[in-house]
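These notes concern the structure reproduced below.
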Amino acid sequence: MPSPGPERSDLAAALERLAGVPVLVLGDIMLDRFVYGTVERISPEAPIPVLRIAQESAMLGGAGNVLRNLAALGARPHGIAVVGEDAAGAEVEELARTCLEPVAGEIELLRTPARRTTMKDRFIAAGQQLLRVDRDPEGGLDAETKARVKTAALAAVAKASAVIISDYGKGLLDEALIAAVVAAAGAHGCPVVVDPKGRDFARYRGAAWVTPNRRELAEASGLATGDGDAVAAAARKVIAEAGVAAVLATRSEQGMTLATDAGVHHLKAEAREVYDVSGAGDTVVATFAAALGAGLDAVTAAQLANVAAAIVVGKLGTAVARPGEILHALHASDLLAAEAKVADLDSLGEQVAQWRKAGLKIGFTNGCFDLLHPGHVSLLEQARAACDRLIVGLNSDASVRRLKGETRPVQGEAARAAVLASLASVSRVVLFGEDTPLALIEALKPDVLVKGADYSVEQVVGADIVQAYGGKVVLAELSPGHSTTATIARLNGG
């Protein structure tokens, strides 16, 4: 049975403590490339799909994704890794500096011409990976580079509140380096959290935590890990034989298990909708280590990591969880399901990107929607029929007053947003304080822009922008006899 976790209000308060926590990340960094396109035919040369490329992107992978997650949480990461003297290494460095600069993080990338930078190219169509191509370095590090890494790592430990060892088996982390870092961290009094690789967890001897998934735990212990009791037994065996202090085992849809000398805690899974588990382990180790570094207890740290992991598996690709998303998830059980549809622009931008990666068409409409009537419902249903996901831009209270007068709105923005979000036709609601939704349209770039047929295309705000990049403007038919202004007049006896 799952163990009772901290109260949600306690977790929300704990989340704030992650800001500014210094965390050292030592591990294998890599460049993740994503190539998106469409498949419309099979190659005449072989029975394989032909990918017509539409978009390419690159981001930090491996230990780099741990850095990304720490930065997204507001912690202050310090990364140490080795890359080659190649274009990929230069791109990794640029991505790392861009990622860490907003949180005053640091990156020490030791360049060596004898080694090439690890790259993973993923080719994707309609939300599905077609192929992954890996380019890995060969062999370990030379003696000089090993010495440089050790010197940098030991100096950085002294400034850290937690240490993450992110082992992807690419040759950076040998037993001597791990032992030296673990000993230095122990002397400094900061926990070492290891994302392990391989069957021999004894190479991490002395670490405070290892964070294997269920398969990795089974391989390291030689035991089955089918249910909670089995996972606990396997974790206890690893603790006894490998010499690590504790285990946080991730169990996919079954949640997580913490095993220490003091006992075992099972945490149920938080995820409700799973799109992609890529990088979820990086999110777990980043959130867990940052929380430990902030002085939180292990159960609270694991609960936060559990919530963060549930957020990233609901996104496509290697993603991150931001404090606002975690806070919303913590309160979600106390809210109506509809309220989860009300988003800020930053979170909505990420969601739109995920929808687009899944091949979905994005629609947008806007209005005051003060007193929702059948005309509104009809317009929204027509808008939804023209797209896969419909975003509604909702005028804020101040914006409505400027447009409609001091007696409006009748309902506040929170109430209007909640009513709109309860409709099945509406995917997301986003508030805007300007007189027009032009800034939203420019930021979201909808594929379909919808307004009522009482406008002409030329009168629709943002129509020229949407049409310029190939989008479509739809004028929805109006339902006669419905007007918020007329309704209010009747209520006032007019």
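The values are calculated or read from the model by the stated rules, or taken from the named source; none is laboratory data. Quick caveat: nothing in here was measured; it's all calculated off a predicted structure. A quick note on method: Cβ atoms are made from the backbone with ideal geometry, for glycine too, and the neighbour counts reach across all protein chains shown. Just so you know, the surface numbers come from the protein's heavy atoms only, side chains and all, with ligands and any DNA or RNA stripped out. Shrake-Rupley method; radii C 1.70, N 1.55, O 1.52, S 1.80 Å.
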Item to check | 10 Å beta-carbon shell around Gly433, net charge (K/R +1, D/E -1) | outcome: -3
Next on the checklist: For the ranges 118-124, 177-183, what's the packing order if you count other beta-carbon atoms within 10 Å of each residue, average per peptide, and put the highest first?
Outcome noted: 118-124, 177-183
Checklist outcome for this item: Computed over the chain: longest principal axis from alpha-carbon atoms vs helix 87-100 long axis, angle to nearest 10 degrees, is 70
Checklist entry - Of the peptides 450-460, 360-370, 236-246, how do they stack up when ordered by the mean number of other Cβ atoms within 10 Å, highest first? => result 360-370, 236-246, 450-460
Checklist outcome for this item: Of the residues Ala443, Ser425, Gly324, the Cα lying farthest along the dipole of the chain towards its positive end, which is defined by charges on the beta carbon of Lys, Arg, Asp and Glu, belongs to Ser425
Checklist outcome for this item: In this structure, among Lys197/Lys341; Lys268/Lys445; Lys170/Lys361; Lys146/Lys357; Lys120/Lys150, pairs with alpha-carbon gaps over 28 Å are Lys197/Lys341; Lys268/Lys445; Lys170/Lys361; Lys146/Lys357
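Using a 1.4 Å probe on the protein chains only, how many percent of the accessible area of the chain belongs to carbon and sulfur? Walk me through the numbers before you get to the answer.
Numbers: 11430 of 21830 Å².
Here carbon and sulfur together make up 52 percent of the probe-accessible area.
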Checklist entry - Assigning unit charges at the beta carbon (Lys, Arg +1; Asp, Glu -1) and nothing else, what dipole magnitude in debye, to the nearest 20, does the chain show about its Cα centre? => result 320
Checklist entry - What 222 nm value per residue comes from the helices of the chain, counting each DSSP H run with n ≥ 4 as -39,500 (n - 2.57) and dividing by all residues, nearest 500 deg cm²/dmol? => result -11500 deg cm²/dmol
Next on the checklist: Let's test this: bin the Cα-Cα distances of the chain at 10 Å from zero up to the farthest pair and state each bin's percent.
Outcome noted: 4, 17, 25, 23, 16, 10, 4, 1, 0
Checklist entry - In debye to the nearest 20, how big a dipole does segment 163-259 give about its Cα centre with +1 on each Lys and Arg Cβ and -1 on each Asp and Glu Cβ? => result 40
Checklist entry - Label points 7 Å out from Cα along the Cβ direction at His188 and Ala415: separation in nm? => result 5.5
Next on the checklist: To check you understand DSSP bridge types, tell me what percent of the beta bridges within the chain (both residues inside) are antiparallel, rounded to 5.
Outcome noted: 35
Next on the checklist: Net charge within 15 Å of Ala143 by Cβ-Cβ distance, Lys/Arg positive one each and Asp/Glu negative one each, not counting Ala143 itself?
Outcome noted: +1
Next on the checklist: Quick check for you: with a 1.4 Å probe and neighbouring chains kept, what is the accessible area per residue of the chain, in Å²?
Outcome noted: 44
Checklist entry - Which loop-located GluC sites (Glu not before Pro) does segment 378-433 contain, where loop means any DSSP state but H, G, I, E or B and the Cβ has at most 10 other Cβ atoms within 10 Å? => result Glu406
Checklist entry - Looking at segment 14-82, which GluC sites (Glu not before Pro) are in a loop (DSSP not H, G, I, E or B) and have at most 14 other Cβ atoms within 10 Å? => result Glu45
Next on the checklist: If amide hydrogens are placed 1.01 Å from N in the peptide plane, which non-local residues have theirs closer than 5 Å to the one on Ala476?
Outcome noted: Lys451, Gly452, Ala453
Next on the checklist: Full-extension gain between Ala87 and Arg52, please, as 0.36 nm times their residue separation minus the C-alpha to C-alpha distance.
Outcome noted: 10.1 nm
Item to check | Alpha carbon centroid spacing (whole Å) that separates segment 191-265 from segment 46-106 | outcome: 28
Item to check | Listed peptides 420-433, 293-306 by packing density, highest first (mean Cβ within 10 Å) | outcome: 293-306, 420-433
Checklist outcome for this item: Projected onto the charge dipole of the chain (unit charges on the beta-carbon of Lys, Arg, Asp and Glu, signs +1, +1, -1, -1), the Cα from Val23, Gln354, Leu372 with the largest positive-side position is that of Leu372
Item to check | Hits among aspartates and glutamates - C-alpha to C-alpha of Lys404 under 12 Å, sequence gap 8 or more where chains match | outcome: Asp370, Asp435
